[in-house]
Amino acid sequence: MSRRLAILGGGRMIGPPLLAAAIERGWKIALLNRNSPPPPSLRHAIEHVQGDRSDEAVVGQLAAFAPDVVIDLSCYEPEHVELSLAMLAPVTDRYLLMSSGAVYAPSDLLPWNESSPVGPNELWGSYGAKKLQNERIAAGFAATTTVVALRAPYLVGQPDFMGRLQFVADRIAHDGIVYVTDSGNAPVHLVAPSDVAGALLHLAEAEPDSPAPSGLFAYNIANRQAVTLAGLVRLLAAAMERPAPSVVPVPLSTVGLSDRPFSWTDMVFPFADEPFLLDDAKLRASGFTPGYDLVRLLSDFADRYQAAGGPFAPTRFPAENAIRQLPSHA
């Protein structure tokens with residue numbers, strides 16, 4: 001008998017590769033989201049529950065599906081996570097929460113592993129605080145079902161509705177000038193959405209390791225190849241077969257700007273100049289290894305960028321425009 005998998009969210013980024021992989025591995029799937037039906041090629045194999053996860057009746061339809069495993073991709077608002085867990089934990093064997101490395105407290109000891117202290121980080125603002133709150137809510141249901149959190153660094157590549165790499169690629173292709181915040185030397189980890197999807201499906205099927213004292217099973221994912229922000233720009237230009245770009249570090253405080261907390265609505269560069277490194281030894285020991293290294297991830301993006309019609313005119317935010325208008329950067 002096919003095992004039953006319920007997915008909350010799943011309309012973009014991690015969702016499409018997760019749906020495809022789960023179908024290939026024989027899962028029977030119910031998908032809950034507001035307005036993102038599964039791709040036409042997959043609809044025959046998926047029960048689509050259209051509605052808002054804040055609606056008890058809608059979540060009740062997933063509970064009636066009686067899933068063996070739940071994967072929660074759209075776990076942003078704590079009250080929504082609490083409702084879903086209250087209704088689904090009693091009827092499922094395992095509840096997987098898509099979390100983030102943003103739950104870790106700032107530390108000079110890197111990379112973070114699953115035992116590193118968690119707590120507020122000014123960089124991530126309410127996003128990191130809500131992700132941590134969601135993990136704590138999930139841990140409260142550990143006596144009812146197995147609860148697992150997967151913590152990721154920056155998700156980039158395809159599919160990527162956040163457009164981090166496109167932001168950089170557009171500037172490389174336009175005039176070859178890319179502003180990076182502060183020093184541009186912070187090392188970060190990147191990970192492909194398809195690798196995150198594979199890790200979630202692996203954790204849905206594998207026996208979990210030891211839980212934290214809270215009862216939550218936590219795992220990090222990363223590709224293990226760290227890159228600085230400036231280095232990322234240069235590597236992406238090479239993958240695009242473009243001349244070496246001009247990478248211009250801009251100490252934000254000297255121009256009256258700040259990225260604390262980081263803002264997607266007014267940014268200079270789509271990655272913050274702060275180390276973001278995760279140790280994924282625990283996940284690898286459980287039997288999962290990401291398929292994308294950094295070079296392959298960037299090369300794959302460059303190919304898809306060109307196939308989609310790139311290069312595109314950069315979309316610039318007020319903060320970047322302010323820098324471009326300074327005499328020192330004009």
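The values are calculated or read from the model by the stated rules, or taken from the named source; none is laboratory data. Everything quoted here is computed from the prediction, not taken from an experiment. Cβ: placed from backbone, ideal geometry, glycine included. Neighbour counts: every protein chain shown. Keep in mind that these areas ignore ligands, DNA and RNA; they rest on the heavy atoms of the full protein, side chains included. Shrake-Rupley method; radii C 1.70, N 1.55, O 1.52, S 1.80 Å.
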Which of rounded, prolate, oblate describes segment 24-179, given a ≥ b ≥ c as roots of the alpha-carbon gyration tensor eigenvalues and a/c under 1.5 marking rounded, otherwise prolate only if a/b is larger than b/c? oblate
With a 1.4 Å probe and all protein chains left in place, how much accessible area per residue does segment 130-193 have, in Å²? 29
Result row for the chain, helices from DSSP H with C-alpha axial extent 27 Å or more and mean Kyte hydropathy at least -1.0, is none
About the Cα centre, charge dipole magnitude for segment 196-330 (Lys/Arg +1, Asp/Glu -1 at Cβ), debye: 400
Just the accessible area for residue 44, please: 1.4 Å probe, Å², rounded to the nearest 10? 150
Normalise the Cα radius of gyration of the chain by 2.2 N^0.38 Å (N = residues in it) and let me know the number. 1.02
Between residue 147 and residues 5 or more places away or on another chain, which pairs have amide H atoms under 5 Å apart, with H built 1.01 Å from N, and which residues are they? 95, 217
Over the chain, what percent of the accessible surface lies on carbon and sulfur atoms, probe 1.4 Å? 51
At R0 = 35 Å, how high is the FRET efficiency between residue 3 and residue 281 if r is their beta carbon distance? Nearest 0.05 is fine. 0.80
Protection proxy ranking, peptides 22-30, 102-110, average beta carbon neighbours within 10 Å, highest first: 22-30, 102-110
Given charges of +1 on the Cβ of Lys and Arg and -1 on the Cβ of Asp and Glu, with all other atoms neutral, how large is the dipole of the chain about its Cα centre, in debye to the nearest 20? 480
For 248, 191, what's the largest-to-smallest order of accessible area, 1.4 Å probe? 248, 191
Among DSSP beta bridges whose residues both lie in the chain, state the antiparallel percentage, nearest 5. 5
Can you give the FRET efficiency to the nearest 0.05 for residue 185 and residue 265, using r as the Cβ-Cβ distance and R₀ = 35 Å? 0.85
Accessible area per residue for segment 280-330 in Å², computed with a 1.4 Å probe and the full protein assembly in place, what is it? 56
